[in-house]
1. By what distance, in whole Å, do the Cα atoms of the range 302-361 stretch along each of the three principal axes, largest value first?
2. For Gln59 and Met131, FRET efficiency with R0 = 30 Å and r from the beta-carbon atoms, rounded to 0.05?
3. Round to a whole angstrom and tell me the spacing of the C-alpha centers of the range 477-499 and the range 144-189.
4. Output needed: percent of Cα pairs per 5 Å distance bin for the range 153-248, bins running from 0 to the one holding the longest distance.
5. Assign one of three labels to the range 192-287, namely rounded, prolate or oblate, based on the Cα gyration tensor with a ≥ b ≥ c the square roots of its eigenvalues; rounded applies when a/c is under 1.5, prolate when it is not and a/b is larger than b/c, and oblate otherwise.
6. Quick check for you: with a 1.4 Å probe and neighbouring chains kept, what is the accessible area per residue of the chain, in Å²?
7. With the contact rule set at Cα under 8 Å and sequence spacing of 6 or more, what percent relative contact order holds for the range 329-460?
8. Would you report the distance distribution of C-alpha pairs in the chain as whole percents per 20 angstrom bin, up to the bin with the largest distance?
Amino acid sequence: MTELAETYACVPSTERGRGILISGHPKTNKILYTNNRSILILNLDNPLDVSVYGEHAYQATVARYSPNGEWIASADVSGTVRIWGAYNDHVLKKEFKVLTGRIDDLQWSPDGLRIVASGDGKGKSLVRAFMWDSGTNVGEFDGHSRRVLSCAFKPTRPFRIVTCGEDFLVNFYEGPPFKFKSSHRDHSNFVNCIRFSPDGSKFISVSSDKKGILFDGKTGEKIGELSSEDGHKGSIYAVSWSPDGKQVLTVSADKSAKVWEICDDGSGKSTKTLTSSDSGGVDDMLVSCLWQNDHLVTVSLGGTISVFSASDLGKSALQISGHMKNVTSLSVLKNVPKTILSSSYDGLIVKWIQGIGYSGKLRRKENSQIKCLAAAEEEVITSGFDNKLWRIRFLGDQCGDADSIDVLSQPKDISLALLCPELALVAIDSGVVMIRGTKVVSTINLDFAVTASAISPDGSEAIIGGQDGKLHIYSVTGDTLTEDAVLEKHRGAVSVIRYSPDVSMFASGDLNREAVVWDCASREVL
């Protein structure tokens with residue numbers, strides 16, 4: 001029985017001008033974040049230990065552990081909340097339609113019985129608190145006129161709920177059943193995030209007006225502000241309290257994270273500024289943060305997760321990154337340790353090392369979209385959504401000059417003969433194109449619609465898959481193909497073909513998500 005050994009996670013989905021939410025397990029160092037319709041569970045102690053929940057019908061926005069760590073509540077842009085098991089098969093427990101628009105934030109009550117969710121919707125339905133087992137409402141939340149970006153449950157009795165949003169307001173509710181108590185308009189721009197301290201004595205709101213304001217947790221009255229001296233120079237998108245409630249972590253569009261010491265009088269003083277440059281551009285803006293035990297976690301607009309040590313803030317951050325968009329191609333290099341290159345259609349090529357995970361991004365001079373990718377030891381060949389192929393030399397993480405080759409048709413697949421990598425086979429709709437170096441040496445039309453191809457490492461054999469699910473095996477002589485066999489097993493269009501490293505087998509996959517392993521000598525299914 002094969003077992004999953006490693007998972008290379010995607011990064012959180014981000015949106016410019018908005019904060020996103022990541023959250024942590026109440027006891028361990030696992031964190032939750034969302035990408036498209038999936039919820040990712042990532043272990044900060046071992047970033048290769050990843051679990052994925054993909055049952056949302058719409059784009060997921062937020063996920064949080066229950067106080068006992070046994071359940072996860074996640075929400076999406078349709079206003080639906082799903083409550084499911086945190087372990088094993090992630091069994092669905094409950095599903096509720098909570099709001100009429102997207103949910104931006106949700107939190108459990110400290111006793112694990114109630115959930116409050118906030119976001120967008122029609123009329124007054126911008127915040128809702130309900131019993132997690134029955135969906136019964138536990139209060140009325142008046143007072144907001146625009147999208148509510150964040151909400152928080154007071155972690156100690158007497159229970160309170162606070163909310164904030166695009167109407168510049170911070171609202172305070174008493175309960176249960178919850179009802180409006182007071183409202184504060186101390187911010188002059190969107191209020192992006194609001195959080196109670198672990199002991200419930202204070203809560204803090206942060207805003208696009210670059211301010212952080214502290215309030216009394218029991219009465220809701222304002223008690224202080226984060227100092228503007230050495231403060232953020234851009235919108236503050238997120239805030240998170242330290243476990244002891246004496247410090248907070250904030251992140252901003254100014255590309256910095258700051259640690260603040262919270263004094264007894266409610267004022268905050270900046271004690272450390274954290275930066276971790278990646279791209280050097282707008283992708284370095286920080287949009288989320290989390291103080292998880294001894295880990296300070298920040299997320300950039302480009303999706304890079306930086307993990308700092310709270311006990312040693314001078315230590316450089318561990319960076320976890322990857323793809324934000326769908327991965328379109330993979331290529332395994334024969335390096336030791338084994339290196340994998342992956343590409344996504346937005347033009348990003350990521351380098352992974354087996355046993356370590358993320359190892360950097362390949363920076364290309366020609367940053368076009370990528371549909372197909374193949375790689376040898378010192379060369380990458382890519383195709384986009386035009387008729388061109390690019391042969392790019394690379395060393396380490398640096399890409400050199402690129403040569404373009406026009407194949408006069410949209411490439412469907414690329415395969416390199418690894419023992420003589422100047423030879424490439426390119427699948428196009430009507431057949432295949434053979435390339436040596438940067439020259440097209442032959443264009444061979446076939447009598448079926450081609451969807452995938454592979455060429456053996458020594459360049460002597462080619463396997464071409466079709467829309468009809470058949471595999472056609474050809475011998476390669478010079479620049480011509482001679483058909484040797486046709487194999488039938490797939491019930492859908494062939495989408496990928498790959499030889500095993502020792503060339504004793506090859507595998508093919510189709511659009512029905514079926515994979516077949518074949519013996520190269522007998523051409524029988526194994």
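1. Reported extents, whole Å, longest axis first: 39, 28, 12.
2. Numbers: r = 26 Å, r/R0 = 0.87.
E(calc), rounded to 0.05, equals 0.70.
3. Between the Cα centre of the range 477-499 and that of the range 144-189, the gap is 62 Å.
4. Values per bin, smallest distances first: 3, 15, 26, 25, 19, 9, 3, 1, 0.
5. Working: a/c = 2.08, a/b = 1.95, b/c = 1.06.
Prolate.
6. On the way: 22450 Å² over 526 residues.
Heavy-atom SASA per residue in the chain reads 43 Å².
7. On the way: 338 pairs, mean separation 20.4, N = 132.
So the answer I get is 15 percent.
8. 21, 45, 26, 8, 0
The values are calculated or read from the model by the stated rules, or taken from the named source; none is laboratory data. What you see is a predicted model, and the numbers here were worked out from it, not measured in a lab. Positions of Cβ are generated from backbone atoms using ideal geometry, with glycine treated the same way; all protein chains shown enter the neighbour counts. Please note that ligands, DNA and RNA were not included when accessible areas were found on the heavy atoms of the full protein model with its side chains. Shrake-Rupley method; radii C 1.70, N 1.55, O 1.52, S 1.80 Å.
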